[in-house]
1. Can you give the calculated 222 nm mean residue ellipticity of the chain, where each DSSP H run of n ≥ 4 adds -39,500 (n - 2.57) and the sum is split over every residue, rounded to the nearest 500 deg cm²/dmol?
2. Lys200: accessible area at probe 1.4 Å, nearest 10 Å²?
3. Give me the accessible area of Leu63, 1.4 Å probe, in Å² rounded to the nearest 10.
4. Summing +1 for each Lys or Arg and -1 for each Asp or Glu, what net charge is found among the other residues whose Cβ lies under 10 Å from the Cβ of Pro211?
5. Applying 1/(1 + (r/R0)^6) with R0 = 35 Å to the Cβ-Cβ distance of Arg160 and Asp87, what FRET efficiency is obtained, to the nearest 0.05?
6. Counting only heavy atoms of the protein chains, get the accessible area per residue of the chain (1.4 Å probe) and round it to a whole Å² value.
7. Heavy atoms only, probe 1.4 Å: what % of the accessible area of the chain goes to carbon and sulfur, would you let me know?
8. Hey, what's the per residue convex hull volume over the C-alpha atoms of the range 1-119, in cubic angstrom?
Amino acid sequence: MSRRFVVAGNFKMNLLAGEASALAAELRAALEAEPPACEVILAPVFTSIHAVREALQGSPIALAAQNVHFESSGAFTGEVGAGFLADAGCTHVIVGHSERRQLFGERDADVREKAKAALDAGLTPIVCVGETLSEREAGQAEAIVLGQVASSLEGVDPQRVILAYEPVWAIGTGRTASPEDAQEMHAAIRSSLLASIRDKVRILYGGSVKPDNAEALLGQPDVDGALVGGASLKTESFLPIIRAAKH
Ligand code: 13P
């Protein structure tokens, strides 16, 4: 089984263009000095994509957007279609992040349409799923997450996406799923996929990944990388997480 690790930094609505490109340049220099064992992806705010692209020109660090509209073009004021992201230099896009689901009302059907639009434009969608605290406390975590996976990927080839399990209660809270809880959910997600492909699909963990817990989380057999929020905003906290992703 050879799934290459992925470590992605989701800047969320942080870092102005100059700050994001300075961070990208710093990471680039560090990773050129000592190449990482994993794929590295940066997801800045839309308006910083251009500046980050310039800073990453010629480097293997990939560029992602944090959202995409499912229509390709037309009268959709304020939206950004997948072709525009590809044109801006993105190779990946995060879809269905829990903040989009919770704060902006995105449903699995939207996530699915966005994933399809991304694939049509040649982008790799990073499809996020995760349960809330009340769902976990009610013993429904697995059912909710597997339902999100099935519904968000209906008609989508799972081999063409990267999955990210981000328990909502662990995002930005400093609370992390224990490595065992993360492993249990990742294994359940993997088992829910077709047997012929399940070993090829990468499933990232996200939710308060920090330098001091990255190694334990990434050491789990079904955790194939990390989707990092807060700790991705500084080289000194993001780099050790990248270094913890050893294959
Ligand atoms: P934090 O790492 O800040 O908890 O955010 C996780 C996340 O939502 C990444 O997409």
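The values are calculated or read from the model by the stated rules, or taken from the named source; none is laboratory data. On a predicted model such as this, the values are computed, not experimentally measured, just so you know. Here the Cβ positions follow ideal geometry from the backbone for every residue, glycine too, while neighbour counts run over all protein chains shown. Remember, those area values only see protein heavy atoms, side chains included, never the ligands or the DNA or RNA. Shrake-Rupley method; radii C 1.70, N 1.55, O 1.52, S 1.80 Å.
1. Estimated from H runs of four or more residues: -11500 deg cm²/dmol.
2. Rounded to the nearest 10, that gives 130 Å².
3. In the full protein context, Leu63 sits at about 10 Å².
4. Every neighbour counted, the sum reads -1.
5. E between Arg160 and Asp87, to the nearest 0.05, is 0.95.
6. Computed with neighbouring chains in place, this is 44 Å² per residue.
7. Of all accessible area on the chain, carbon and sulfur atoms account for 52 percent.
8. Taking the convex hull of the Cα positions in the range 1-119, it is 119 Å³ per residue.
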